[in-house]
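Trainee: Just dropping this structure here.
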Amino acid sequence: MSNAPLMPMATAVWLVENTTLTFKQIADFCKLHEVEIQGIADGEVAKGIKAYNPIISGQLSREEIELSSKDENRALNIKSSDIEISNNEKKIKKYIPLSKRQDKPDSALWLIKQHNILKDSQIAKLVGITKNSVTSIRNKSYWNYNNLNPKDPVALNLFTQKDLVEAIQKAERRIKREKKEKEKQNKSTQASV
């Protein structure tokens, strides 16, 4: 990544208007040509560009500008600010065209047949339909059940294989937990008898 400031032309406009820095210092800092900085000062370049304050944005400090203003040979140094980029974005619902919407009940049927350990709520969340629809498909009372064809939702790009694997693992953990609870209940009833 280059060490240029954010919005270099707008930053240069601000530096020309608000400091006594030389054109060379501003050009070097903004990664622009000195002639462009001269044009900004003359009002020929960047006429419609609004000045951008690099101090407010944290790219420069007042002290840095003052030190460079006193010494023409001193270059401005941009503050290095590590920006934390996280991948914890909320899942964005993507638009599904009308022609693909029939694939949702088909995908729900496929999940019911292939991974019957998944709860209706898990299938509904994965595929993007209501829990009532999944329940009615499971009970074969869905209004269009006879016309449904099981289709792999991952192949249809309704969700990723990773999402499916996570849902299956969650269902398996739930089943193990329920089994342990049943065994505890059975042991406690046998002990009381």
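Trainee: Determine whether Leu164 is of a type outside the set (Val, Ile, Thr), open to solvent by 30 Å² or more (accessible area, probe 1.4 Å) and within 23 Å of the chain's Cα centre (by Cα).
Mentor: no
Trainee: Same structure again: Of the conditions (1) touching a Leu at 6+ places or on another chain (Cβ under 9 Å); (2) closer than 18 Å to Gln102 by Cβ; (3) assigned to a loop (DSSP other than H, G, I, E, B), Ile137 fails just one. Which one is it?
Mentor: All conditions are met except number (3).
Trainee: Sticking with this structure for a sec: Only one residue in Ala41, Ala75, Ala27 is in contact with an Asp or Glu (Cβ under 8 Å, 6 or more places away or on another chain) and open to solvent by 30 Å² or more (accessible area, probe 1.4 Å). Which one?
Mentor: Just a single option satisfies the conditions, and that option is Ala75.
Trainee: Right, something else. Please go through the stretch 172-193 and pick out each residue that is among the hydroxyl-bearing types (Ser, Thr, Tyr) and open to solvent by 90 Å² or more (accessible area, probe 1.4 Å).
Mentor: Listed by number, the list holds a single entry, Ser192.
Trainee: Take Gly43 and decide whether it is free of Cβ contacts under 8 Å to residues at least 12 places away in the same chain, at positive phi and not hydroxyl-bearing (Ser, Thr, Tyr).
Mentor: Answer is yes for this residue.
Trainee: Just to check your reading of the model, which residue among Arg101, Arg138 is at pLDDT 90 or above and either more than 30 Å from Lys31 (Cα to Cα) or open to solvent by 70 Å² or more (accessible area, probe 1.4 Å) (or both)?
Mentor: When all the criteria are applied, what remains is Arg138.
Trainee: For Ala171, work out the one condition from (1) in a helix (DSSP H, G or I); (2) within 26 Å of the chain's Cα centre (by Cα) it doesn't fulfil.
Mentor: The single condition Ala171 does not satisfy is (2).
Let's see how each residue does on (1) modelled with pLDDT of 90 or more; (2) at positive phi; (3) touching a Lys or Arg at 6+ places or on another chain (Cβ under 9 Å); (4) part of a helix (DSSP H, G or I):
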site	(1), (2), (3), (4)
Ile92	no, no, no, no
Asp106	yes, no, yes, yes
Leu111	yes, no, no, yes
Trp143	yes, no, no, no
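Trainee: Under 8 Å between Cβ atoms, which residue pairs at least 6 apart in sequence (or on different chains) link something in the stretch 116-129 that is charged (D, E, K, R) and at pLDDT below 95 with a partner that is assigned to a loop (DSSP other than H, G, I, E, B) and crowded, with 18+ Cβ neighbours inside 10 Å?
Mentor: From the stretch 116-129, no pairs qualify.
Trainee: Identify, please: which residue in the stretch 142-156 is without any contact (Cβ under 8 Å) to a residue 24 or more places away in the chain and either within 18 Å of Gly128 (Cβ to Cβ) or loosely packed, with under 11 Cβ neighbours inside 10 Å (or both) and is, among those, farthest from the chain's Cα centre (by Cα)?
Mentor: Only one residue tops the list, namely Asn146.
The values are calculated or read from the model by the stated rules, or taken from the named source; none is laboratory data. For clarity, every value in this text was computed on a predicted model and none was experimentally measured. Cβ: placed from backbone, ideal geometry, glycine included. Neighbour counts: every protein chain shown. We work out accessible area using only protein heavy atoms, side chains counted, and drop any ligands, DNA or RNA first. Shrake-Rupley method; radii C 1.70, N 1.55, O 1.52, S 1.80 Å.
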